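Right, one structure below, let's go through it.
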Amino acid sequence: MGLSLLNIISKSNFRILRPKLLSNYVGTNKEMGRTRYMSNYLRKIPITTSKKHNIAVHKEIAAVNKLILRYTHSQKNENDGKNTDDPRNAMMIKIMMAIFTVYITVYVISMLFPNASNPEDMRYVSWNEFVHLMLAKGEVEEIIARPDLDIVTVRLHEGAIIKGRKIDQRTYHMNIADLERFEQKLREAETKLGIKPGHGVPVVYDRSLNAPELILFLFFAGLLALAYFGRSKGGSKSPISLDMFSQIKRAKYTLIDPLIGQGKGVRFKDVAGLKEAKQEVMEFVDYLKRPDHYKNLGAKVPKGALLLGPPGCGKTMLAKAVATESNVPFLSMNGSEFIEMIGGLGAARVRDLFKEGRKRSPCIIYIDEIDAIGRKRSSRGPEGGGDEGEQTLNQLLVEMDGIGSKEGVLMLASTNRADILDKALLRPGRFDRHILIDLPTLEERKEIFEQHLKIKLDKEPKHYSQKMAHLTPGFSGADIANVCNEAALHAARNSQKVVLEADLDYAVERVVGGTEKRSHAISPDEKKIVAYHEAGHALIGWLLPTTDALLKVTIVPRTNAALGFAQYTPTERYLLSKQALFEKMCLGLGGRVAESIVFNSITTGAQNDLDKVTKIANAQVRQYGMNDKVGLVSFSEDKNSLRPYSNKLAALMETEVSRLVSDAYFKTEKLLKENYKKLELIAEELLKKESLNYEEMVKLIGPPPNGEKRAVEMYEFNSPVDTKNTDSSKN
């Protein structure tokens, strides 16, 4: 046939405009109607060309029809809850409804609680007061009974005397339990008082409907009729919508539909690192693009995938890439958007979200921070707990894999708190795959730096990416992006035209140790103590075989209460030997031991070091089974659970921890005393220059005696801590 349907449409007298937004067509209804007519017309034309062309034409017809369906549904969603008439009319209607609501409220309150400004409406009397003080004295002129309110109004004669005083108020109210027996009870009381029949107080029954009530009733009925007939018309929607309260139940999702507008956001090539995670997620996209390829092999696509990992590792960015790359609708919501104070609202929004997903099947539904609605359920007595969060979770479980669930809706979610998620949510059939997105490795950090180093550098990003990846172990993707941005900000602050290597080094130091605070004045004595403290760390790291060679040591104060820190060349080790752990303890104690040797006194600056050393010693004894006396046992650090060992074993472990720390202290003390001259050289040089790097250390005391070493740690000299609140000190 040679001509595609879209070419035929493009040569006709109408057009479909591609929008600037991602999810809308701006073509008119008339244009879409002509497109539909052209599609139906081509179906009826006999095709005499090859079978291949015939199939191609029918596929294009189906694609255009699907586009029309998506467009119609999109326009319907856009028009839901909106008034196509003059917005001023809608505003006036809303104002009238607000006034009407206030009037009704005030009227009902005035009927139940009479107005305080009218004293006649406020005075109530009991039955005994009415009989003995009013009826017996002959002061009652008439009684007005209101059956609709179970209240009677007592009207007194002009100038009536009650309790020996003339009163000005003539109207009193009295509550009654049974209006039908009220008059009979009244006549019996008159008989006891000696009042003859026919001379009693007249009782008037007021059953008439008040004019305000009638007006309100007619007005309310008119509004309902206007809303009903306005809704029944096929044209514009009535400004008084009966769906006013149902709008809050709708899921406020973000829709990315490639048939309506191709996304121009993040793509898989923009997501650096995450090779395994991208491969797992791309299978979903590939299944949606080629479902027959999998069905022919009898394979079923997983119903859902859960992205797990620490904050800032790229979970949400990977989901954005899926939204852009997949050729199916992508519906995205945040977990917090389901939770409201109104009961049942979260479950209603879950139903609406999956309802929209099934309309657009096949599609992908993505919920970010699913831990907001996926927390573990807890039993609360016989009712089993029924708060809003549990109702929302129950509805989500049913929608994902319940009796009424259908294929074609793929679920994607992310969280950094997988430990608090409900087990029913994590089981296969709901989230078949759990994709762990951990902190990036060295090679992945290199790729991430090359992605973020698109700032104006003096050299190519590849020239710096390897070094920066080595300097940032344990950094997440968000941390790396922050480092690159800090480097650019520092260059701009110094009025530079390009970002230099020194700016990148500054950015790493700022993120690791905090901003330099040279205006923070400390006394010369304290500065000398800081210099020897950091020199002790640096020298121990230089001498021991398994520790790392020094990268930089500085005594410049930082804004995070650190008066100095020592940073070591980075590495990524997953296994540590007993010797390596012991020497890490020696490295941590280097500062405290140097203070003790040089000044014969100690300060509070080693608090952070001692905390790290204690944790390493406890881990060796309690978790890693590295102590001969305690044995090959391992106990968790959960302080809330009961300890599974006796007091005798607890005392033994505490003793062994203390002994291990003491051994590390004596080992460190021996090394520093043997190399005291080197310690003095490093400290004096720090007092002059405030910072030393690896090359300067080599010139000062020679190369490391045990060759090249790789690890990274940072031990800070903290400012004096408050002994009453040691938890506030920085780790």
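General remarks:
- For the stretch 586-679, applying the loop criterion from DSSP together with a ceiling of 12 other beta carbons within 10 Å to the trypsin sites (Lys or Arg not before Pro) yields LYS629, LYS639.
- Phi to ³J(HN,Hα) by Karplus 6.51 cos²θ - 1.76 cosθ + 1.60 over the stretch 191-198, Hz, x for Gly, Pro: 5, 5, 7, x, 8, 6, x, x
- Integer Hz, Karplus 6.51/-1.76/1.60 couplings in order for the stretch 472-485, x for Gly and Pro: 10, x, x, 7, 8, x, 5, 5, 5, 4, 5, 4, 4, 5
- Per DSSP, loop GluC sites (Glu not before Pro) in the stretch 622-712 with at most 15 further Cβ within 10 Å: GLU637, GLU708
- Between LYS462 and GLN279, the contour length at 0.36 nm per residue exceeds the alpha carbon distance by 63.4 nm.
- Phi angles across the stretch 448-458 convert, under the Karplus curve 6.51 cos²θ - 1.76 cosθ + 1.60 with θ = phi - 60°, into 3J(HN,Hα) values of 5, 5, 5, 6, 8, 7, 8, 6, 7, 9, 7 Hz, Gly and Pro given as x.
- ASP479 accessible area, assembled protein chains, probe 1.4 Å, Å²: 60 Å²
The values are calculated or read from the model by the stated rules, or taken from the named source; none is laboratory data. Model, not experiment: these values are computed from the prediction. Every residue, glycine as well, gets a Cβ built from its backbone with ideal geometry; the counts of neighbours run over all protein chains shown. Accessible surface areas use protein heavy atoms only, side chains included; no ligands, DNA or RNA. Shrake-Rupley method; radii C 1.70, N 1.55, O 1.52, S 1.80 Å.
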